[in-house]
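Structure incoming, see below.
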Amino acid sequence: MMGGQPIIILKEGTEREKGKGAVYNNIAAARAVADAVKSTLGPKGMDKMLVDSLGDVTITNDGVTILKEIEIEHPTAKMLVEVAKTQDDEVGDGTTSAVVLAGELLKEAESLIEQEVHPTIIVNGYRMAAAEAVRRLRQLAFDVKRTDKATLGSIARTAMSGRSVGTNADFLADIVEEVAGEVRADVDNILVQKKHGGNLKDTTLIDGVVLDKERVHPRMPKFVRDAKIALINRALEVKKTEVNEEIRIRDPAKLQMFLDEEEKTLRAMVEKIQASGANVVLAQKGIDDVAQHYLAKEGIYAVRRVKESDMKKLAKATGARSVTNLDDLTAKELGRADLVEERKVGTDDMTFVTGCKKARAVSILIRGGTEHVVDEVERILHDALRVVAAAIEDGKAIAGGGSAEIELSIALKDYAATVGGREQLAIEAFAGALDVIPRTLGENAGLDPIDVLIKLRADHQKKGGKSMGVNVQTGEPLDMIKANVIEPLRVKIQEIDSAAEVAGMILRIDDVIASKKSPPPPPGGGEHGHGGGMGGMGGMGGMPPGMGM
Ligand code: ADP
Ligand code: MG
């Protein structure tokens, strides 16, 4: 360069990290995230206690929950958090595994880079390895049918085993197993209601629809057998005159007329309902006091402000057609159920619609000591249902407990030899990284991880050893299919794909240009004290792996 004067193209204060320095820094940041969740992996994983800035405490061992709660600043570390979120959105399980595997892929890449293997070669090799791994996974998978409740129950049990419901996991998995055959892809055909109070063991499965609503009037019947249900989509109220339009009635007789008129309208509404033959009214909107009175007088059971999603479920289950105009309400629009009943749950009254005539509907009513518990159980049940749905949809499952990863690791080493060239090194590194799953499962169970791996590898070389995984009680290899440790194929495929993808993305970055942090906005403006952008370079990157938490 002439005169040695560097040309400055970036704004003053911009941080820039180039070449290997940038790569190493990024790898360290991503590994710190992986190390933060590693100890939670598997049925014997430890919990984390997260304390937020307000002092609120969350105790969990769910990878994605941890990563969502802790505030991570480093841009590369954030990419790993995104992987966990994607995994969670796509399949609802395998989040910790995906992050831990990504961290290990980066660790292996680091030593290849030290051996002067270019990141591009590594990225290429990783891509080939991931494709081969997915191909092998499909071969290892076995069929599951919607009717195979036992296997679907095992899948639910495996997904719940790491979660913080402890000894209740089995009990909850039994409930999921019961409804497994009913699970559809969107999962929300299974209604999950929660009511805190009582004991988790009081959580029940109800063959019907449960509404968190009481009947609107105490003189209505507490239950109706052979229910003929009207689903009403409009308010059973007289439209109030516009707010800004005042009615001035000075003459008391006029006022009485006005009220009589209103009452007549409401009575006519109830008469129309009664004429249809309905003995139950489930209204999406409000019901006026006067209308409530007339409904009660006619012995009709009524509930108001039912959620739209619940109205849809009721329509499907009872065969009712929801009406907006009461003139359209005839016997044909009514839905049928054996029983509509108000029952006390804890201190509240809820409405149970059971014995639905049109289609089977199932609800899970979650009980538990505190709101915190019922919320956590709801999340766990939701995830378990999604995992079961994924298995049903694809009709494929695979042995868990690290067995698939060991099998892939061995297969990829053979595959690497057939590829040759410099990519061979990267594929071998990928194979080595897969060991992190069984190794960590053993480690978290307090076992000797090397011992666990050696025994597992030996068994996988034997005939019929493909599904041998980690027995977290003894450390001896155990057939995971016989032990009912089973996962949907989709969870494993997604785990491998997303780990390889994010590792590749991170490895391709060789230049990080971070703008100067913008000054904090004046008090009252903006929600955070620091500006966005890539200003977090000094964040977790400088921290040695393992110091993330
Ligand atoms: P993730 O967020 O990845 O789902 P988990 O903490 O749920 O993390 O652990 C999942 C791993 O634990 C999977 O590899 C799964 O096969 C394994 N696993 C679950 N139950 C058992 C068990 N009873 N014995 C051995 N491994 C198990
Ligand atoms: Mg899990």
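The values are calculated or read from the model by the stated rules, or taken from the named source; none is laboratory data. Just so you know, these numbers come straight off a predicted model, no measurement behind them. Cβ placement follows ideal geometry from the backbone for every residue including glycine, while neighbour counts extend to all protein chains displayed. We work out accessible area using only protein heavy atoms, side chains counted, and drop any ligands, DNA or RNA first. Shrake-Rupley method; radii C 1.70, N 1.55, O 1.52, S 1.80 Å.
As a test, work out the antiparallel percent of DSSP beta bridges whose residues both lie in the range 213-356, rounded to the nearest 5. Present the calculation step by step, with values, prior to reporting the outcome.
On the way: 14 of 23 bridges.
Expressed as a percentage, antiparallel bridges in the range 213-356 total about 60.
Here's something else I'd like to know. Using the Kirkwood formula on the Cα atoms of the range 213-356, what hydrodynamic radius do you get, in angstrom to one decimal?
15.9
While we're looking at this one, here's another question. I want to check the label-to-label distance for Asp89 and Asp511. Put each point 7 Å from Cα in the C-beta direction and report it in nm to one decimal.
3.0
For Lys48, what residues show an amide H to amide H distance below 5 Å, using hydrogens built from the backbone and excluding near sequence neighbours?
Thr60, Asn61
Another question, then. Scanning the chain for helices, which whole DSSP H stretches are 20 Å or more long along the axis (Cα) and average 0.5 or more by Kyte-Doolittle?
Helix filter hits for the chain: 95-114, 403-419, 489-507.
A follow-up question, please. Put Arg225, Arg439, Arg305 in order of accessible area, largest first, 1.4 Å probe: what do you get? Mind dumping the intermediate values first?
On the way: Arg225 160, Arg439 50, Arg305 125 Å².
My answer, sorted largest first, is Arg225, Arg305, Arg439.
Are there GluC sites (Glu not before Pro) in the range 62-120 that DSSP puts in a loop and that have at most 13 other Cβ atoms within 10 Å, and which ones?
Details: sites: Glu69, Glu71, Glu73, Glu82, Glu90, Glu104, Glu108, Glu110, Glu114, Glu116; in loops: Glu71, Glu73, Glu116.
Here the sparse-neighbourhood loop sites are Glu71, Glu116.
Pull up the DSSP beta bridges for the chain and report the antiparallel fraction as a percent, rounded to 5.
On the way: 38 of 54 bridges.
About 70 percent, rounded to the nearest 5.
Once the Cβ-Cβ distance between Ile454 and Met49 is put in as r, and R0 is 25 Å, what FRET efficiency do you end up with, to the nearest 0.05? Spell out each step's value before the answer.
Details: r = 34 Å, r/R0 = 1.38.
Efficiency computed from Cβ-Cβ geometry: 0.15.
Kindly sort Met46, Met480 by accessible area of their heavy atoms, largest first, with the probe set to 1.4 Å. If you can, show how the numbers build up before the last one.
Values: Met46 120, Met480 5 Å².
Reading off the accessible areas and sorting them downward yields Met46, Met480.
Follow-up question, since we're still on this one. Mind giving me the FRET efficiency for Ala150 and Thr474? R0 is 25 Å, r the Cβ-Cβ distance, nearest 0.05 is fine. Show your work: numbers first, answer last.
Details: r = 24 Å, r/R0 = 0.96.
Computed FRET efficiency for Ala150 and Thr474 comes out at 0.55.
Taking 8 Å as the Cα distance limit and 6 or more residues as the minimum spacing, I'd like the relative contact order of the range 177-307 as a percentage. Walk me through the intermediate numbers first.
On the way: 144 pairs, mean separation 45.2, N = 131.
So the answer I get is 35 percent.
Hey, could you pull the Cα Rg and Dmax for the chain, both in Å?
Spelled out, the Cα radius of gyration and Dmax of the chain are 30.2, 102 Å.
Give me the accessible area per residue for the chain, probe 1.4 Å, as a whole number in Å². Please list the in-between numbers first.
Details: 26710 Å² over 549 residues.
Counting only protein heavy atoms, the per-residue value for the chain is 49 Å².
Treat every Asp and Glu Cβ in the range 311-370 as -1 and every Lys and Arg Cβ as +1, leave all other atoms uncharged, and give the resulting dipole magnitude about the Cα centre to the nearest 20 debye. Walk me through the numbers on the way to the answer.
Numbers: 12 positive and 8 negative charges, 84 e Å.
Computed about the Cα centre, the dipole is about 400 debye.
Also, I was wondering about something else. At what distance in angstrom do the alpha carbon centres of the range 151-217 and the range 344-418 lie from each other?
9
Next question. I'd like the accessible area for Glu333: 1.4 Å probe, protein heavy atoms, all chains in place, Å² to the nearest 10.
Accessible area, nearest 10 Å²: 20 Å².
So, one more: Label points 7 Å out from Cα along the Cβ direction at Arg321 and Asp338: separation in nm?
Inter-label distance under the simple model: 2.8 nm.
Mind listing the phi-derived Karplus ³J(HN,Hα) values for the range 474-479, rounded to whole Hz, using 6.51, -1.76 and 1.60 with θ = phi - 60°, and x for any glycine or proline?
Once θ is set to phi - 60°, the couplings for the range 474-479 become 10, x, 7, x, 9, 5 Hz.
With a 1.4 Å probe and all protein chains in place, put Arg234, Arg215, Arg127, Arg135 in order of accessible area, largest first.
Numbers: Arg234 80, Arg215 35, Arg127 140, Arg135 120 Å².
Sorted descending by solvent-accessible area, the residues read Arg127, Arg135, Arg234, Arg215.
Additional query: Rounded to the nearest 20 debye, what is the charge dipole size of the chain about its Cα centre when +1 sits on each Lys and Arg Cβ and -1 on each Asp and Glu Cβ?
Values: 74 positive and 85 negative charges, 282 e Å.
Using Cβ point charges on Lys, Arg, Asp and Glu, the chain gives about 1360 debye.
Moving on. Probe 1.4 Å, all protein chains in place: accessible area of Asp202 in Å², nearest 10?
Here the accessible area works out near 80 Å².
Let me cross-check Glu15: its accessible surface, 1.4 Å probe, with only protein heavy atoms counted, in Å² to the nearest 10?
90
Here's a follow-up. Taking the Cα centre of the range 100-153 as the origin, how large is its charge dipole in debye, to the nearest 20, when only Lys and Arg (+1) and Asp and Glu (-1) carry charge on their Cβ atoms?
Details: 8 positive and 8 negative charges, 123 e Å.
Dipole magnitude for the range 100-153 comes out near 600 debye.
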